[in-house]
Structure formats: structure tokens, C-alpha cells
Amino acid sequence: ASPIVCVIDSGIQENHTFLAPAILQEDSFSELGGNVFDEVQNGGHGTRVAGAILFPNGLPLVDDYRLPCFIQNYKVLNQDNALLSHFSPEEIIQKSVERYSSAKTKIFNHSIGEGKPFYELKHMSPWAAKIDEVSYANDVLFVQAAGNIKHDLIATFEKQKDSQYPNYFGKNLSMIANPAHSLQALTVGAISLSDFESIDRIVLGNSGEPSAFTRVGPGIWDSIKPDVVEFGGTYVKNKAGDSVILTTPEESCPELIRTSPPGPAFARDGIGTSFAAPKVSYIAAEIQKIFPDSPSLLYRALIAQSARWQDYCSETSRERATFLLRTEGYGIPSVERATHNSSTRITLVTETAVEIGEKEAHIYSVIIPDELRNIAENYDLRLEITLSYVAKPRRTRRRLRNYLSTWLDWICSKKNETRDDFEERVFAAESHSTEDQFPWIIHERVNSGIIKDFSRSRQTLQKDWCTIKANDLPDEFCIAIRGHAGWGPLYKAKYVLVVSFEALTPDIEIYESIQQCNKLEIEVDHPEILVEV
């Protein structure tokens with residue numbers, strides 16, 4: 001059966017020619033007490049969001065396009081695209097899950113947030129904490145927009161030479177908005193899709209660069225936020241004149257479905273992280289088709305695992321890599337990488353959620369074929385590991401490791417490290433030596449990776465990656481998931497693990513050899529096994 005995505009928004013034009021076949025009208029509901037129609041002026045909001053889920057790349061040119069999922073319409077915003085004052089945002093989150101959460105509805109698109117940055121960096125907000133709470137109690141994934149920097153503020157920045165794009169992303173006023181700092185939400189920022197330039201105007205951010213309006217990290221407790229980015233358009237700025245004029249011509253906007261009439265049924269006339277987030281909801285729905293019985297933690301993990309920065313390479317400066325992590329998180333996700341292997345790439349996953357408590361460790365291993373480790377071979381491999389977990393939150397706590405009932409991290413084999421040596425290191429009181437470690441981009445400890453000032457263990461979605469020589473791999477590549485004490489030992493964490501190997505030389509095929517070596521069992525010391533995507 002097709003997946004279902006619940007759209008928590010301003011309602012949807014349900015009879016729209018392009019949307020009607022996907023809308024589950026019997027499930028539609030409005031918390032405003034009236035109709036479920038999208039009443040936001042100038043094209044609507046929820047309608048555009050729903051359209052971006054169903055048509056993430058714009059309107060298809062083929063007649064046999066199949067809609068990827070069904071849509072549930074949960075209207076909570078009024079004609080001004082705002083929540084009514086008598087509703088608390090956390091109440092809306094709770095009601096949405098109570099009304100719609102099911103085996104088929106695991107994905108909730110939440111392109112709603114405050115219009116200002118979240119400054120409180122000691123306590124999680126009630127809104128974000130509620131997302132974390134329902135994610136622990138239910139098998140749901142909230143895809144959350146990072147928020148937009150207001151038009152007038154960008155114009156003010158552009159008037160000051162030292163604050164012009166992209167320098168203003170370093171200012172507190174550009175930080176992500178509540179509730180995008182939720183640890184369990186998959187927070188989505190936006191990037192530009194155009195290199196538009198004319199005699200008198202130019203885009204703020206070329207294609208693949210952060211959108212002029214996108215809010216950036218780090219998140220609370222220096223977590224990595226946004227998690228990923230998608231194409232959401234950008235502003236165009238005048239080149240000359242005393243005043244700054246920001247516009248959104250069609251060249252700088254994604255193609256979106258809009259309420260009609262009045263106006264066309266689709267157009268390039270809207271920008272925002274609100275319309276980047278649903279493109280990630282689409283990828284989550286495509287993953288659910290392959291793993292319908294797997295937890296939404298896996299959908300989140302595979303999206304992060306598939307994400308990449310467009311312009312990153314081994315020569316990228318540390319400063320540039322840090323900028324990319326703050327503005328784009330793990331990068332742009334790929335539906336192809338998230339759902340398929342290839343002859344040069346293999347992804348292994350845990351299909352079910354695994355429970356783990358404090359002072360526990362689970363060790364997984366992947367058998368590396370001898371031909372890949374041949375000393376004569378000197379080709380590069382891209383190694384990617386993602387841990388996605390959830391634990392019970394307690395909002396009043398001031399630090400990540402006190403906020404969660406149990407917090408997790410992962411470590412893996414070093415260069416040519418034996419399994420026995422790895423296991424000894426896992427259970428050692430101190431195992432912080434970086435000698436012979438692979439060149440991880442982020443690393444488990446601050447200042448130990450290529451990027452400084454960040455640690456992959458400061459979030460519940462922990463991705464890291466590196467480029468290695470094939471002959472540096474041990475015969476058994478091991479990964480350990482470790483549980484650490486939080487506020488509540490009675491509440492264990494639940495996790496999934498994803499591991500990928502990719503040959504960076506196009507004619508080096510690794511899928512078959514790794515798949516054959518690990519066909520029956522590739523896991524150690526725990527009953528769960530890793531399986532192929």
C-alpha cells in the first residue's frame with residue numbers, strides 16, 4: 001500500500017486537479033472548526049506543501065506519472081498562516097499524533113514555526129520537547145522546516161557591507177527557529193536552485209548555495225541543525241541603487257502547486273523552507289515503500305545517510321566545511337541513494353529498532369573481502385555511518401545528556417584493527433586516542449574531526465563520513481553502539497544503524513563481494529542483523 005503523509009498546515013485545496021487523487025478526504029480535519037480549505041492568500045500554503053510532497057521536482061512532463069503517496073489534511077493555521085491564540089503549539093503536535101498516527105501514517109510534515117530565532121540554549125522549548133516526546137512514545141517522524149529569516153531583516157543585512165550574504169549567517173538573528181531545534185525532528189533548511197543574473201539583478205546564493213532566507217545552526221547544545229537541506233528558492237537583489245530591493249522572480253523560485261482560482265494552478269512564485277521540507281517528506285515516503293514495517297527511525301537514518309554537500313572534496317578548507325555543516329547540515333538527500341544500492345555502493349541497515357540501556361554496548365561487524373583489502377589495491381572508499389536513536393526526554397534538564405533518559409554514541413574500527421582489539425577498546429574506561437583512526441569529518445569528540453567545535457554525539461541523528469584507502473580496512477570492520485547514563489535508567493533508548501561503503505573509482509565494483517561475504521550474518525554479539533537496502 002502507498003505510504004501516507006500527514007500535512008499539518010493551513011489546509012489544502014482538496015479538489016485541486018493535481019492533488020485530488022492523493023487526498024484522503026475522510027481523514028481531513030480542521031482545528032479551526034470550519035472547512036479544511038487552504039484560505040491563505042496568493043496561492044495558499046498547505047496546498048503548496050502538499051504539492052511539493054507529491055511533485056518534489058515540479059510538475060512532471062510525462063502523462064503516466066504516479067503519485068508517490070496519500071495525503072492527510074490536518075488544518076491548524078488560519079488565513080493569515082498563523083495558529084489561533086487559544087491553541088498551544090505542543091497541543092497541536094499531541095493532537096496530530098493522536099488523530100493520525102498509525103502503521104501507515106508515520107510521516108508528519110510540519111512546515112510551521114516561529115518567525116524569530118530560538119535564543120534559549122539551555123532548555124528545550126515546550127514545542128520542540130513535545131515533538132521529542134511523541135517521537136519516543138510513537139513510531140513517527142516529524143519533518144520540520146528550519147524557518148525563514150524575514151525579508152526586512154535580510155534587506156537590513158544587505159545594507160551593511162560586512163553583513164551581506166553569506167556573512168549574516170554567522171549572526172544570532174539567523175539561527176534556526178522554534179521548534180526546529182527538536183532533537184527528533186528531521187530539520188530541513190533550504191538551498192538555492194538558480195544562478196540567475198541579469199543586467200541589474202542577481203540571486204543571493206547560486207544554485208546549491210544556502211538560500212538567502214534559510215535559518216542555520218548550530219542548534220541547542222551545539223547540535224547539528226538543520227539536518228539536511230532541499231531546494232527552496234532564494235531572493236534576487238538589485239545590483240545598484242541606494243536602497244536594497246529583494247524580489248522573487250520565477251527564475252529564483254521552485255515550481256509549486258498553488259490554490260486556483262484565482263491565479264494559475266501551479267507557478268514559480270513562492271520560496272521558503274516550508275517548501276523544502278516536503279521534498280524530504282517525499283523521500284521518507286519512498287523509503288517507507290521499501291521498509292513498510294520498519295521504524296521511522298530508519299527513514300530518518302537513510303535520509304541522512306544519503307545526504308551530501310554538493311561542492312565538498314578532500315581539498316575543501318576546514319572553514320568552508322564548517323560553514324556547510326552549519327548551513328546545510330549533512331547536505332542534500334538523494335532518493336536514489338536512500339533506496340538503492342549500486343555495483344559501486346552498498347548500504348547495510350538494521351531493519352528493526354534495537355533497545356539499549358546505559359552501560360550496554362552492541363557490537364556489529366562487516367566482513368571485508370580479501371580482494372578489497374589487497375595491499376596492491378590503492379583506491380579510495382567513502383565510508384558513511386549513521387546512528388538514529390530516540391530516548392525519553394525531560395524538558396527541565398539543561399544539557400543533552402541530562403535531557404535524554406539514555407544517550408548513545410558510536411565508535412568503529414581503526415585502520416587494520418583486529419576485532420579483539422576493538423572489543424577491548426569498546427569496554428575500556430578510556431578510549432580517546434585518535435592514533436590510526438580514519439579521518440572522520442565530525443568525530444565523536446569535539447576538535448578531533450576535520451571540522452572543529454562539533455561532535456557527532458551531540459544529537460540523536462549521528463552521521464559521519466570519511467574517505468579511506470581500501471587496504472586500510474580490517475578484515476572485520478566493527479561498529480559499537482554504546483549506551484550512557486541519562487536521567488532515567490528505566491527508560492532505554494531505541495536505535496537503528498546504517499553503514500555504507502562506496503568505491504570512488506567508477507570501475508571498481510564492490511557490491512557483490514561485500515554482499516556475498518555478509519550474506520548469512522554480518523553482526524556480532526547481538527541477535528539483530530544488518531541487511532541490505
I'd like the full set of residues that are under 28 Å from the mean Cα position of the chain (by Cα) and basic (Lys, Arg), limited to segment 208-266. ARG215, LYS225, ARG258
Sort out which residues of segment 208-223 are more than 18 Å from SER274 (Cα to Cα) and not β-branched (Val, Ile, Thr), and write them in order of number. PRO218, GLY219, TRP221, ASP222, SER223
Test ARG482 against the stated conditions and say whether it is modelled with pLDDT of 90 or more and in contact with a helix residue (DSSP H, G or I) (Cβ under 8 Å, 6 or more places away or on another chain). yes
Looking only at segment 343-357, which residues are open to solvent by less than 50 Å² (accessible area, probe 1.4 Å), assigned to a loop (DSSP other than H, G, I, E, B) and over 13 Å from VAL390 (Cα atoms)? THR344
Filter pass, VAL62 being surrounded by 16 or more Cβ atoms within 10 Å (Cβ to Cβ) and either part of a loop (DSSP other than H, G, I, E, B) or on the phi < 0 side of the Ramachandran plot (or both): no
Qualifying strands (runs of 3 or more DSSP E) (wholly inside segment 189-296; at least 1 residues being over 22 Å from ALA145 (Cβ atoms) and touching a residue at least 12 places away in the same chain (Cβ under 8 Å)): 201-203, 236-238
Would you be able to tell me the number of residues in segment 483-512 that are assigned to a strand (DSSP E or B), within 19 Å of LYS359 (Cα to Cα) and open to solvent by less than 30 Å² (accessible area, probe 1.4 Å)? 5
Boolean, PRO278 is open to solvent by 10 Å² or more (accessible area, probe 1.4 Å) and either of a type in the set (D, E, K, R) or within 27 Å of CYS69 (Cα to Cα) (or both): no
Any idea which residue in segment 39-54 is farthest from GLY113 (Cα to Cα), counting only those that are part of a loop (DSSP other than H, G, I, E, B) and open to solvent by less than 10 Å² (accessible area, probe 1.4 Å)? GLY43
All but one of (1) of a type outside the set (S, T, N, Q); (2) in contact with a Pro (Cβ under 8 Å, 6 or more places away or on another chain); (3) farther than 21 Å from ASP132 by Cβ; (4) open to solvent by 10 Å² or more (accessible area, probe 1.4 Å) hold for PHE454, so report the exception by its number. (3)
PHE87, sole failed condition from (1) crowded, with 24+ Cβ neighbours inside 10 Å; (2) of a type in the set (A, V, I, L, M, F, W, C); (3) modelled with pLDDT under 95: (1)
In segment 1-38, what residues are within 20 Å of GLN94 (Cα to Cα), part of a loop (DSSP other than H, G, I, E, B) and of a type in the set (Asp, Glu)? GLU31
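The values are calculated or read from the model by the stated rules, or taken from the named source; none is laboratory data. Note that this is a predicted model, so its numbers are computed, not measured. Heads up, the Cβs are rebuilt from the backbone with ideal geometry, glycines too, and the neighbour counts pull from every protein chain shown. In case anyone asks, the SASA skips ligands and DNA or RNA and just uses the protein heavy atoms, side chains included. Shrake-Rupley method; radii C 1.70, N 1.55, O 1.52, S 1.80 Å.
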